[in-house]
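Notes to accompany the following structure.
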Amino acid sequence: MGRAALEVADIFRIHGPAWRQAQHGHLSLAQLKVMSAIEQCRSAALGGHVLRCEGCGADQVSYNSCRNRHCPKCQASAARRWLDARTADLLSVEYYHVVFTLPAPIAEIAYYNKAVVYGLLFDIAAETLLTIGADPKHLGARLGLTLVLHTWGSALTHHPHVHGIVPGGGFSIDGQRWVACRPGFFLPVRVLSRLFRRRFLEALVQAHAQGQLRFFGEHAALSNARAFSHWLAPLRRTEWVVYAKRPFAGPQAVLAYLSRYTHRVAISNSRLIALDERGVTFRWKDYRANGRTRYKAMTLEVGEFMRRFLLHVLPSGLHRIRHYGLLANCSRSASLALARQLLQVPSQQPESCEDAPEGARPTFICPHCGHAMIVVQIFTGAETIRAPPVPSMP
């Protein structure tokens, strides 16, 4: 695939240095590292290697990737590697797509409390699904689920939500049979929404009481417990957005969905249209509109575009893909084997390295003739990935 006409890296390289200086003291170390990584990605700064085609003999210089999880260029290959590992986990059942979204007021305080609030979003969404799924009045089954965190809307605004991919059924409580959902129906959305709202607000109040939340600017007064409780009161009465889409059309559709969502970043290079004196123009999807008019173009001043992009830098160590229930990492293999036994389908055996034909999947492919390419030279980068130096204050 050829290089995009315009990339986020181009915007950071051209306008990043001046903007970083103007924002001195207002950017976190994590944000500075992300900018530096994206700017250097697939450039001579990170080193690389020279490839030679075994067919036509053409040489090609390939620079190393930064592998930062916020980089638009690095996530496609990361998604492919992750999907290869997940393919064997699919079951021959319906899969459902469930989304849990935080209300706008909580999204505002989440920006300064990412680790705490995003962690609660994961855990309470999972707890909600597992609790309602195990309730005999609904399904009466032990579920398994994968949750993926997204923090953005299509216009790069801060919009934290998790996408859940859930098999349509689970083990009976005694683990002796597979309990399937009704065809085309997973769990009642209103019940999920109400339990999610109650449990999340309870957990948020507990986090506040333990001093885990920080407040700044117009929200500084919320440090007071009584003010915080008063601020939460309207959120106890509003409807929280939880919805479940129709089931996927087979396991391959699940994989196609996962390939689009698991390693997505705030904006892909393919959505960028132009960089000019007006700013950055990009495509976005207006979910309030209908038909073709949903897809529009938006132009943001360059500094505002970079600010919005960096809103979505995650805290170090925060995993944005998590597995729960039957699919939890500690018990996934045993649970999947039992599920296939209960569903009466053969277990999938991973292909061993000995069984795979040697050289069947070369790492590098020649873009001209399609033959394998081999590494003939490796060169190191001029510098390591780090945050740009911060000028000392007088």
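Numbers below:
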{"item": "Expected 222 nm ellipticity per residue - DSSP helices of 4 or more, -39500 (n - 2.57), all of the chain, to 500", "result": "-10500 deg cm²/dmol"}
{"item": "Residue among Met373, Gln75, Gly133 farthest towards the positive dipole end of the chain, charges placed on Cβ", "result": "Gly133"}
{"item": "Answer label for semi-axes √(5λ) of the Cα gyration tensor in Å (calculated), chosen among [x] 35, 27, 23; [y] 28, 25, 20; [z] 37, 33, 19", "result": "[z]"}
{"item": "Kyte-Doolittle mean at least -0.5 and Cα axial length at least 27 Å: DSSP H helices in the chain", "result": "114-134, 189-209"}
{"item": "Inter-part distance where the stretch 215-260 and the stretch 152-177 are each reduced to a Cα centre, Å", "result": "13"}
{"item": "Most to least accessible of His263, His150, His138 (protein chains only, probe 1.4 Å)", "result": "His138, His263, His150"}
{"item": "Cβ-derived FRET efficiency at R0 45 Å, Gln344 paired with Leu232, nearest 0.05", "result": "0.40"}
{"item": "Apportionment of accessible area to carbon and sulfur, the stretch 293-340, percent (1.4 Å)", "result": "57"}
{"item": "Heavy-atom accessible area per residue - the stretch 80-219, 1.4 Å, Å²", "result": "40"}
{"item": "Euclidean distance between Cα centres, the stretch 186-214 to the stretch 298-313, Å", "result": "30"}
{"item": "Loop sites in the stretch 240-332: chymotrypsin sites (Phe, Trp or Tyr not before Pro), DSSP, at most 12 other Cβ within 10 Å", "result": "Tyr287"}
{"item": "Modelled FRET efficiency - R0 30 Å, Lys285 with Val205, Cβ distances, 0.05 increments", "result": "0.30"}
{"item": "Net charge over other residues, Cβ less than 15 angstrom from the Cβ of Arg340 (K, R count +1; D, E count -1)", "result": "+1"}
{"item": "Surface accessible to a 1.4 Å probe, Arg81 within the full protein complex, Å²", "result": "130"}
{"item": "Solvent-accessible ranking of Ser43, Ser316, Ser36, largest area first, probe 1.4 Å", "result": "Ser316, Ser43, Ser36"}
{"item": "More than 16 angstrom apart: percent of Cα pairs within the stretch 233-272", "result": "62"}
{"item": "Local electrostatic count at Leu187 - Lys and Arg +1, Asp and Glu -1, tallied over other residues with Cβ under 14 Å", "result": "+4"}
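The values are calculated or read from the model by the stated rules, or taken from the named source; none is laboratory data. Just so you know, these numbers come straight off a predicted model, no measurement behind them. Glycine gets a Cβ as well: all are built from the backbone with ideal geometry, and neighbour counts include every protein chain shown. We work out accessible area using only protein heavy atoms, side chains counted, and drop any ligands, DNA or RNA first. Shrake-Rupley method; radii C 1.70, N 1.55, O 1.52, S 1.80 Å.
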